[in-house]
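The values are calculated or read from the model by the stated rules, or taken from the named source; none is laboratory data. Values in this document were obtained by computation on a predicted structure and should not be read as measured data. Here Cβ is always computed from backbone atoms with ideal geometry, including for glycine, and neighbour counts include all displayed protein chains. Quick note on the areas: whole protein, heavy atoms, side chains included, nothing else; ligands and nucleic acids left out. Shrake-Rupley method; radii C 1.70, N 1.55, O 1.52, S 1.80 Å.
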Amino acid sequence: MDEVSLESLAREFSTPLYVYSARQIKNNFLEYMRAFEDMNVLICYALKANYNGHILKMISSMGGGADVVSGGELYMALRAGINPEKIVFAGVGKTRDEIKEAVNRGICFLNIESAQELEVIEEIASNSEKAARISFRINPDIDPQTHPSISTGLKENKFGIFPDEAMELYRRAAKMKNVEIKGVHVHVGSQITSSGPILEAAREACVFTDKLKSEGIEISYVDIGGGLGINYEGANPPSPAQLAEEIGRVFKGRKETLVLEPGRSIVGEAGVLLTEINYVKKVPGKNFVIVDAGFNDLVRPSMYGSYHRIIPVEKGGEKIVADVVGPVCESSDFLAESREVEGIKKGNILAVMEAGAYGFSMASNYNSRTRPAEVVIDDGRGTLIRRRETPEDLVDTEV
Ligand code: LLP
């Protein structure tokens with residue numbers, strides 16, 4: 001990766017190990033910036049994809065904002081130096097403490113997801129020195145044509161507010177003291193591989209914004225969320241440039257700032273998970289490649305049946321069809337099923353590809369497994385940006 005041997009990084013830092021390319025993360029972010037440079041745009045990187053502080057600082061230094069969904073993410077975005085005025089906060093279950101913190105820090109806006117949340121925000125804002133800046137997340141009932149677990153803009157999903165109710169809530173919010181209406185928000189899903197659903201959502205957001213304007217409610221930001229997919233298995237999603245061209249047509253002549261919340265498309269292809277083959281176990285009719293990374297390290301295959309390419313980083317070993325499984329005590333602990341894999345030999349290192357997004361950020365300590373280390377390759381060398389956890393870390397928070 002970027003002229004650095006992954007094999008030697010695996011030996012130096014041990015496995016399982018996440019490795020990211022700084023160059024690719026920068027390129028991906030700058031590609032968005034360049035693609036949308038003719039428009040008034042705010043790019044709010046979705047921290048949930050990968051929240052390592054080193055990566056967040058890179059995004060911050062390129063002028064990026066943040067899309068956060070918890071007090072923890074807000075803390076990390078601010079800690080990385082991201083300007084509060086470039087932070088947006090989504091999520092259906094924001095707590096009072098999270099709302100207070102967001103209001104006090106003066107973030108760009110909170111994306112409200114229910115009528116009750118508006119009431120809580122009004123009450124908090126009325127006791128605060130700062131106004132609460134808000135927007136409502138509209139549920140436009142659009143099918144993003146992606147995995148059901150990561151589609152969020154259908155009417156059966158828990159997210160957002162239907163347009164009619166949202167219109168009513170905007171009217172109510174417009175009369176509230178200390179509540180400032182800033183934007184309109186939509187986000188219809190993740191790993192979207194054609195521009196159709198994103199454009200449709202953008203159009204809906206614009207139509208809705210115009211209705212608000214006709215009632216005298218001013219809107220400064222139209223936030224169309226994230227969701228642009230990457231290529232895991234032959235998908236050919238539009239590039240940011242293609243998307244920009246199409247969104248440019250939808251936004252032609254508009255004055256609002258366009259907000260984008262990309263996560264996966266910034267970091268996904270820039271990361272791999274390195275794992276060592278502990279054992280090769282052959283039973284009648286089936287082969288198991290038992291690696292040292294489990295679903296606690298990378299849950300996407302077990303959770304969504306997601307496909308991640310798996311390729312050897314060193315020579316030798318055989319080519320077999322196998323289930324690539326981890327050490328966790330559950331049959332759903334796999335990285336690939338019935339897959340033809342190469343370089344299979346006890347002790348060899350495999351790279352699980354496209355693991356930069358929703359990899360470490362979804363890792364857990366299940367089975368009391370310590371979470372992996374993270375390394376970033378920059379300027380031709382690999383640097384540790386998160387040490388591997390130790391068993392002591394597992395009990396650190398016990399009282
Ligand atoms: N904005 C909002 C409000 C979101 O809910 C999300 C993702 C994003 C932005 C970023 O979407 P992206 O550009 O990364 O697609 N764990 C799943 C993905 C869940 C996405 C949740 N929301 C996975 O591993 O595929």
*Go through region 272-299 and give me each residue that's within 16 Å of the ligand (Cβ to nearest atom) and either open to solvent by 10 Å² or more (accessible area, probe 1.4 Å) or touching a strand residue (DSSP E or B) at 6+ places or on another chain (Cβ under 7 Å) (or both).*
VAL272, LEU273, ALA293, PHE295, ASP297, LEU298, VAL299
*Taking GLY268, is it part of a loop (DSSP other than H, G, I, E, B) and surrounded by 24 or more Cβ atoms within 10 Å (Cβ to Cβ)?*
no
*asked:* open to solvent by 50 Å² or more (accessible area, probe 1.4 Å), assigned to a helix (DSSP H, G or I), basic (Lys, Arg) and in contact with an Asp or Glu (Cβ under 7 Å, 6 or more places away or on another chain): which single residue out of ARG23, ARG11 fits that description?
replied: ARG23
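Would you point out the residue of region 159-175, among those that are within 16 Å of the ligand (Cβ to nearest atom) and among the hydrophobic types (A, V, I, L, M, F, W, C), that is farthest from the chain's Cα centre (by Cα)? Outline the logic, then answer.
If we filter region 159-175 for residues that are within 16 Å of the ligand (Cβ to nearest atom), which is where we start, we get 159-161, 166.
Cutting the leftovers down to among the hydrophobic types (A, V, I, L, M, F, W, C) gives us 159, 161, 166.
Working: PHE159: 16, ILE161: 22, ALA166: 26 Å.
Here the residue is ALA166.
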_Is it the case, given these coordinates, that ILE134 is crowded, with 17+ Cβ neighbours inside 10 Å, at pLDDT 95 or above and assigned by TED's automatic domain parsing to the domain that holds PRO240?_
yes
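Here's the yes/no breakdown for (1) over 24 Å from VAL120 (Cβ atoms); (2) modelled with pLDDT under 95; (3) within 23 Å of the chain's Cα centre (by Cα):
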position: ILE150; (1), (2), (3): yes, yes, yes
position: ASN157; (1), (2), (3): no, yes, yes
position: LYS177; (1), (2), (3): no, yes, no
position: GLU180; (1), (2), (3): no, no, no
position: GLU200; (1), (2), (3): yes, no, yes
position: ASP210; (1), (2), (3): yes, no, no
position: SER239; (1), (2), (3): yes, no, yes
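Here is a yes/no grid of residues against (1) in the same structural domain as LEU228 (by TED's automatic domain parsing); (2) surrounded by 23 or more Cβ atoms within 10 Å (Cβ to Cβ):
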| site | (1), (2) |
| --- | --- |
| ASN50 | no, yes |
| MET76 | no, no |
| GLY81 | no, no |
| PHE109 | yes, yes |
| GLN116 | yes, no |
| GLU119 | yes, no |
| ILE138 | yes, yes |
| GLN145 | yes, no |
| SER149 | yes, no |
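Working only within region 27-67, note down all residues that are free of Cβ contacts under 8 Å to residues at least 24 places away in the same chain and within 14 Å of the ligand (Cβ to nearest atom).
Within region 27-67, the subset free of Cβ contacts under 8 Å to residues at least 24 places away in the same chain is 27, 37, 60-61, 66.
Selection gives ALA66 alone.
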*Can you name every residue in region 26-48 that is assigned to a helix (DSSP H, G or I) and either out of contact with any strand residue (DSSP E or B) (no Cβ under 7 Å at 6 or more places or on another chain) or crowded, with 21+ Cβ neighbours inside 10 Å (or both)?*
LYS26, ASN27, ASN28, PHE29, LEU30, GLU31, TYR32, ARG34, ALA35, LEU47, LYS48
